[in-house]
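A.B. asks: Below: one structure in structure tokens.
The values are calculated or read from the model by the stated rules, or taken from the named source; none is laboratory data. Note that the structure is a prediction, hence the values are computed from the model and not measured. As a convention, Cβ positions derive from the backbone with ideal geometry for all residues, glycine included, and neighbour counts pool all protein chains shown.
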Amino acid sequence: MSLRTPRVAIVGAGMSGIGMAAKLTMAGIETFDLYEQWDDLGGTWHANTYPGLSCDVPSRYYQYTFAPTQTGATCSPRGARSGPT
Ligand SMILES: Cc1cc2nc3c(=O)[nH]c(=O)nc-3n(C[C@H](O)[C@H](O)[C@H](O)COP(=O)(O)OP(=O)(O)OC[C@H]3O[C@@H](n4cnc5c(N)ncnc54)[C@H](O)[C@@H]3O)c2cc1C
């Protein structure tokens, strides 16, 4: 039995889409396309830039387990420090 190479379409380059792309790559699957309607990555965290914006989830929980960041910073990172960007 031969295994077919999957073709994957990921819609959205927010935290979920970027995470999906990363996990597929880690699994050796690079036959995917990532579609994003906006002009950059980041989803919610790209779109929202209002003053005082910050993440209400402690940063150690709001990151990819496979790419932990050690910013030494803040429990509730502000704006662009949040999410995948
Ligand atoms: C103002 C605001 C504050 C938030 N604060 C927090 C917080 O403090 N803590 C927390 O845990 N969560 C917060 N959230 C929830 C946040 O949305 C999620 O935590 C997480 O970022 C969602 O990631 P996502 O990739 O699933 O979706 P999104 O970040 O929404 O990304 C979806 C992406 O898909 C793209 N897309 C959608 N449809 C299409 C299409 N048809 N074609 C191409 N691209 C498409 C969009 O442009 C977008 O880039 C907040 C949300 C908002 C709006």
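A.B. asks: Taking the condition of being closer than 18 Å to MET20 by Cβ and surrounded by 13 or more Cβ atoms within 10 Å (Cβ to Cβ), how many residues in segment 52-71 meet it?
C.D. replies: Summing the residues that are closer than 18 Å to MET20 by Cβ and surrounded by 13 or more Cβ atoms within 10 Å (Cβ to Cβ) in segment 52-71 gives 3.
A.B. asks: Do you know which residues across segment 1-21 are over 12 Å from ASP33 (Cβ atoms) and either part of a helix (DSSP H, G or I) or of a type in the set (D, E, K, R) (or both)?
C.D. replies: Across segment 1-21, the qualifying residues are ARG4, MET15, SER16, ILE18, GLY19.
A.B. asks: Restricting to segment 22-62, name every residue that is more than 9 Å from the ligand (Cβ to nearest atom) and assigned to a loop (DSSP other than H, G, I, E, B).
C.D. replies: ALA27, GLY28, ILE29, GLU30, THR31, ASP39, THR49, PRO51, GLY52, PRO58, SER59, ARG60
A.B. asks: Sticking with this one: So, GLN37, is that one at pLDDT below 95 and within 30 Å of THR5 (Cα to Cα) or not? Working first, answer last.
C.D. replies: Numbers: at pLDDT below 95: no; within 30 Å of THR5 (Cα to Cα): yes.
No, not satisfied.
A.B. asks: Any idea which residue in segment 4-21 is farthest from the ligand (Cβ to nearest atom), counting only those that are closer than 17 Å to GLN63 by Cα and surrounded by 17 or more Cβ atoms within 10 Å (Cβ to Cβ)?
C.D. replies: Filtering segment 4-21 for residues closer than 17 Å to GLN63 by Cα gives 13-21.
In the following step, the residues that additionally are surrounded by 17 or more Cβ atoms within 10 Å (Cβ to Cβ) were identified as 13-15, 17-18, 20-21.
Numbers: ALA13: 5, GLY14: 2, MET15: 4, GLY17: 6, ILE18: 7, MET20: 9, ALA21: 11 Å.
This residue is ALA21.
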